[in-house]
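Here the structure comes first, spelled out in structure tokens, and everything after it is commentary.
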Amino acid sequence: MRKISFFLNGKLISPIISPQLTALQLIRDNLGLTGTKEGCSEGDCGACTIVIGENQNGRIRYKAVNSCLLPALRMHDKHIITIEGLGTPVKLHPIQKALLDYHGVQCGYCTPGIIMSLFGLFINNPNPSRTEILNALEGNLCRCTGYESIIQGALSINHINRYKKLKIIPDYFDKVNKLLMNFNEKIITASPDSDKQYLLPASTKELFNYLARYRHAKIVNGGTDLIVDVNIKKYEYGVIIDISLIKEFNFIKTNQKSVIIGANITLSDIFKNATVQKQLPLLNQAIMHLGSTQIRNLATLTGNIANASPIADVATALLALNTRLIVSSARKQRKIPLSDFYLGYKKTALKPDEIIYAIEIPLSPRMTNFEKTAKRQSVDIASVNSAVSLKVQHNLIKDIIIAFGGVAPYPVIAEKTCQYLINKKIDVQIIKTAQQIALSELKPISDLRGSTKFRQTLIRNHLTKHFSKLFGIELY
Ligand SMILES: Cc1cc2nc3c(=O)[nH]c(=O)nc-3n(C[C@H](O)[C@H](O)[C@H](O)COP(=O)(O)OP(=O)(O)OC[C@H]3O[C@@H](n4cnc5c(N)ncnc54)[C@H](O)[C@@H]3O)c2cc1C
Ligand code: FES
Ligand code: FES
């Protein structure tokens, strides 16, 4: 059991908890704050959304996350806001009142999660657009109210004059923000762990000591893949090592040739990075196709790569960008091209004592595009995804990488198709031949997300979309 300390809705508390608990279990079952709801326990419904504040480089930053995917130990040192910290039945918070005024509530089960997602948006962006409101809500399912009334409620707050009069941020935030800046409490082991352990190293030295000691330990980073496996598939790990708090992994460095992104930077933080926004639009396109705001606020690039899913969106985009992985063990560091990283279904070139320390993406100017086909527009896994990056000189393709997910046991490059396209001038006939080559080299299987035939159609369609978007060629 461990004693952790954090601010909950403005008040410092220090509960003694089992390291296996999720934040949702701690909030509801141990602390009795049942306003936070449980729906799916796998990050899909948003009913459990809370807002979490932490010191990032000397500023307290707040973001909405799914509490069902957040290990409770990671609440230490943070400010946690649940629905109970916003309003009361007699004094509603302005977001609660707006939803009521615009008939955005029926049974109310999803409402706390929706309000927390909107709070996570408005605290960072007082005047969001309709699109930004939709992005903030894409991870929240509501089964009985029409979404339009929820959006209208949110838009009603989004009037800068009105906003100025509304008190979105509760008074207690100022005091807590100051206290969090110099918060020095440590997690205390209250009694020895049982047979299962959850370890939170603060440095790489500590991490590699743990890895040497526990050879079968499982790494967790954002937890958006791993905690789903624990919650839903009931996977049991004897020892979990959480690398999300290691400061040495928390960097984005840019030089003239490349950008290097540390292992535990979240997708949301990568999306906001100025170099990535300007020079790597393909990466940001893929990030915006992954999960929801709450998921992107926790998930990392290295998790998406190491999880080795055949349909990993960001890994597919990174393949098209010639990415290299910087892999570390206690003794040495090595670089692996991402194209050599996958060895088979869920098999990678990572050795048991190694972790992905960072990823390195070259910054050479290329034309790029990302496509994803899934059953739903948001928060859905792709049937097929694909990414292309290329260089053109004197109207001829000089260098091209086309990567596909969902057509092989892991994300792959369509090598023969790329070879064929070198030194070609793009026209309708060239694209049709490229489609035939792609269909002959990629062998998708049939499964829940699509039959072989459907996926073959998607391979063809994705190539059409890439070239028509990049070269303005109509193929339909
Ligand atoms: C609701 C929901 C929607 C999702 N939607 C999408 C989607 O649209 N597209 C998509 O591609 N994915 C999606 N995912 C999957 C997941 O969010 C991503 O794969 C995410 O990038 C994983 O990152 P993480 O940091 O959370 O990984 P974790 O869950 O922490 O780890 C995943 C795996 O990677 C390993 N690992 C993590 N970091 C490292 C490291 N630095 N070195 C070595 N091993 C490491 C872990 O041991 C584990 O095996 C979704 C998940 C959920 C719950
Ligand atoms: S309970 Fe559904 S997202 Fe957490
Ligand atoms: S109000 Fe009933 S689920 Fe949204």
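Between M367 and R143, the modelled labels are 4.8 nm apart [label points 7 Å from Cα along Cα→Cβ].
For the stretch 133-230, just say rounded, prolate or oblate: build the C-alpha gyration tensor, square-root its eigenvalues into a ≥ b ≥ c, call rounded for a/c under 1.5, and beyond that prolate if a/b exceeds b/c, oblate if not. In terms of gyration-tensor shape, oblate. Let me make sure I get this right: for the stretch 344-408, a, b and c are the square roots of the gyration tensor eigenvalues over alpha carbons, sorted descending. Under 1.5 in a/c it's rounded, otherwise prolate if a/b > b/c, else oblate. Which is it? Verdict is oblate for the stretch 344-408. In this structure, the amide hydrogen of A374, modeled 1.01 Å from its nitrogen in the peptide plane, lies closer than 5 angstrom to those of S383, counting only residues at least 5 positions away or on a different chain.
Principal axis extents of the Cα atoms in the chain, from largest to smallest and rounded to whole angstrom, are 68, 56, 43.
Could you list the chymotrypsin sites (Phe, Trp or Tyr not before Pro) in the stretch 325-379 that lie in coil according to DSSP, counting only those with at most 12 other Cβ atoms within 10 Å of their Cβ? Mind dumping the intermediate values first?
Numbers: sites: F341, Y342, Y345, Y357, F370; in loops: F341, Y345.
Hits after loop and neighbour filter: Y345.
Distant-in-sequence amide contacts of V379, defined by a placed amide H-H separation under 5 Å and a gap of 5 or more residues or a different chain, comprise G291. Beyond 26 Å in Cα-Cα separation lie the following of the pairs K186/K332; K372/K453; K424/K465; K63/K167: K186/K332. DSSP assigns beta bridges within the chain; of those with both partners inside it, close to 90 percent run antiparallel. Of the trypsin sites (Lys or Arg not before Pro) found in the stretch 191-222, those in coil by DSSP whose Cβ has at most 14 other Cβ atoms within 10 Å are K196, R215.
Scanning residues 5 or more positions from T323 or on other chains, those with amide H under 5 Å from its amide H are L338, with H placed 1.01 Å from N in the peptide plane.
Estimated from the Cβ-Cβ distance and a Förster radius of 41 angstrom, the FRET efficiency linking N127 and E185 is about 0.70.
Working out 0.36 nm times the residue gap between K391 and K165, then minus their Cα-Cα distance, what length gain in nm do you get to one decimal? Present the calculation step by step, with values, prior to reporting the outcome.
Working: separation 226, 0.36 × 226 = 81.36 nm, distance 5.16 nm.
In short, 76.2 nm is gained.
Would you work out if the stretch 170-282 is rounded, prolate or oblate? Take a ≥ b ≥ c from the square roots of the eigenvalues of the alpha-carbon gyration tensor; rounded if a/c is under 1.5, else prolate when a/b is larger than b/c, oblate otherwise. List each step's numbers first, then the result.
On the way: a/c = 1.80, a/b = 1.29, b/c = 1.40.
Oblate.
For the stretch 254-476, give the magnitude of the charge dipole about the Cα centre (Cβ charges: +1 Lys/Arg, -1 Asp/Glu; no others), in debye to the nearest 20. Write down the numbers at each step before the final one.
Details: 29 positive and 14 negative charges, 32 e Å.
Taking the Cα centre of the stretch 254-476 as origin, the dipole is about 160 debye.
Rounded to whole numbers, the Karplus 3J(HN,Hα) couplings from phi for the stretch 327-332 are 10, 10, 10, 4, 9, 8 Hz, using 6.51 cos²θ - 1.76 cosθ + 1.60 with θ = phi - 60°, and x at Gly and Pro.
Considering only H216, V259, I16, the residue lying farthest towards the positive end of the dipole of the chain is V259, judged by Cα position with unit charges set on Cβ.
Rounded to 0.05, the FRET efficiency of the E415 and K272 pair, given R0 = 35 Å and the Cβ-Cβ distance, is 0.55. Per-residue Karplus couplings for the stretch 419-434, computed as 6.51 cos²θ - 1.76 cosθ + 1.60 with θ equal to phi - 60°, are listed in order as 4, 4, 7, 4, 6, 9, 9, 5, 8, 4, 5, 4, 5, 5, 5, 4 Hz, Gly and Pro entered as x. Calculated FRET efficiency, L155 and D380, Cβ-Cβ r, R0 30 Å, to nearest 0.05? Efficiency for this residue pair is about 0.75. Structure note, pairs K234/K443; K218/K346; K398/K432: Cα-Cα distances above 21 angstrom occur for K234/K443. 3J(HN,Hα) along the stretch 124-141, derived from phi through the Karplus expression 6.51 cos²θ - 1.76 cosθ + 1.60 where θ = phi - 60°, amounts to 9, 8, x, 10, x, 7, 4, 4, 5, 5, 4, 4, 5, 9, 5, x, 10, 8 Hz, with x in place of Gly and Pro.
Are there any trypsin sites (Lys or Arg not before Pro) in the stretch 277-377 that are in a DSSP loop and have at most 15 other Cβ atoms within 10 Å? List them by number. Loop-located and lightly packed - R331, K332, K346, K375, R376.
Computed from the coordinates by the stated procedures, all read-outs in this text should not be read as laboratory data. Predicted model only: the values in this text are computed from it and were never measured. Backbone-built Cβ (ideal geometry, glycine too); neighbour counts: all protein chains shown.
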